[in-house]
C-alpha cells in the first residue's frame, strides 16, 4: 500500500505538471482554453487527488493482510482516474469546440466594426451639409438618423444576420450582403461630394440617391 500511495502521488504530480505545461504552450496556439476552463480543470485535478487519496486511506484501513482485494482496488483506482480524466477532457473539448464555432462570428464582427469606422466620416459629412430649405433639412435629418442606426448596428454587431442568435451559423451574413454594405459605403462617399457643391438640381438628385 505504501507503493500504491507513492505511485498515486507520482501520477498526480505528473498530471498537474502536464496540465501546467499544456496551459503554457496553449498561450501561443490559435485556440486556447479560457482562464475559467483552466481553473476548472485544476479543480478537477484536485477532486481526483481527494477522491483517490480517500480511496487509498479507506481501503488501507480495511485491507486484508493477504491482499486478496488488491486487484479490485487497483481497478477501482484506475476507474476513478479515468472518470475524472474524461470530465477534464470534455471540459477542454467543449471550450475549444465553442471557440472554433465562434471564430467566423468573431471575424465577421471585426469586419462590421471596420464598416462602422468607414461610416464615421460619411456621417460627419452628412451632418455638415448646409441648406436653408426645410424639406431638404428634413430629408437630411432622416438620412442622418438612418445612418446612425446602421452605424450603431455595425459597431455592435454579433456577427450574424437576422435570427442568427437563435439559429446558429445558418443565418450568417452572406458575401453578397457584405458587398451591399461595401458598395453602399463607397457610393455614399461619391454622392456626398456632389452634395457639398450645393447646386439646386444636383442636390435633390444626390439626396434621392443617398436615401436609396
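Just to verify a number: FRET efficiency for residue 70 and residue 97, C-beta to C-beta distance, R0 = 41 Å, to 0.05?
0.55
Run the quick spin-label model on residue 212 and residue 132: label points 7 Å from Cα toward the beta carbon, then report their separation in nm to one decimal.
Distance between label points: 3.1 nm.
Using only Cα atoms and rounding to the nearest 10 degrees, what angle (0 to 90) does helix 35-62 make with the longest principal axis of the chain?
10
When the helix-only estimate is applied to the chain (DSSP H runs of n ≥ 4, each -39,500 (n - 2.57), divided by the residue count), what is the mean residue ellipticity at 222 nm, nearest 500 deg cm²/dmol?
Helices in the chain give a 222 nm mean residue ellipticity of -28500 deg cm²/dmol.
What is the Cα radius of gyration of the chain over 2.2 N^0.38 Å, N being its residue count?
1.87
Based only on Cα atoms, what Rg/Rh ratio does the stretch 1-57 have, Rh being taken as Kirkwood's radius?
Looking at the stretch 1-57, the ratio lands at 1.09.
Compute the angle between helix 70-128 and the longest alpha-carbon principal axis of the chain, please, reported from 0 to 90 degrees and rounded to the nearest 10.
10
Please order 42, 31 by the number of other Cβ within 10 Å, starting at the fewest.
31, 42
Starting from the Cα of residue 42, move 7 Å in the Cα-to-Cβ direction to define the label point; list residues of the stretch 1-16 whose amide nitrogen is under 14 Å from there.
16
Within the stretch 42-74, which residues have the backbone N less than 18 Å from the label spot 7 Å out from residue 9 along Cα→beta-carbon, could you tell me?
46-61, by backbone N distance to the label point.
Assuming R0 = 30 Å, can you tell me the calculated FRET efficiency for the pair residue 113 and residue 16, based on Cβ-Cβ distance, to the nearest 0.05?
The value I calculate is 0.15.
With a cut-off of 13 Å, note down the residues of the stretch 1-23 whose backbone N falls inside the zone around a label point 7 Å from the Cα of residue 34 toward its beta carbon.
Backbone N within reach: none found.
If we count other beta carbons within 10 Å of each Cβ, what is the order of 187, 24, fewest first?
24, 187
Mind sorting 83, 14 by how few other Cβ atoms lie within 10 Å of their own Cβ, fewest first?
14, 83
May I ask you to give the average projected area over all directions of the convex hull of the Cα atoms of the stretch 54-143, in nm² rounded to one decimal?
10.9
To test your reading of the geometry: what angle, between 0 and 90 degrees and rounded to tens, separates the Cα axis of helix 134-155 from the longest principal axis of the chain?
The angle comes out near 20 degrees.
Each value in this text was obtained by applying a stated rule to the coordinates, not by laboratory testing. Values in this document were obtained by computation on a predicted structure and should not be read as measured data. Cβ: placed from backbone, ideal geometry, glycine included. Neighbour counts: every protein chain shown.
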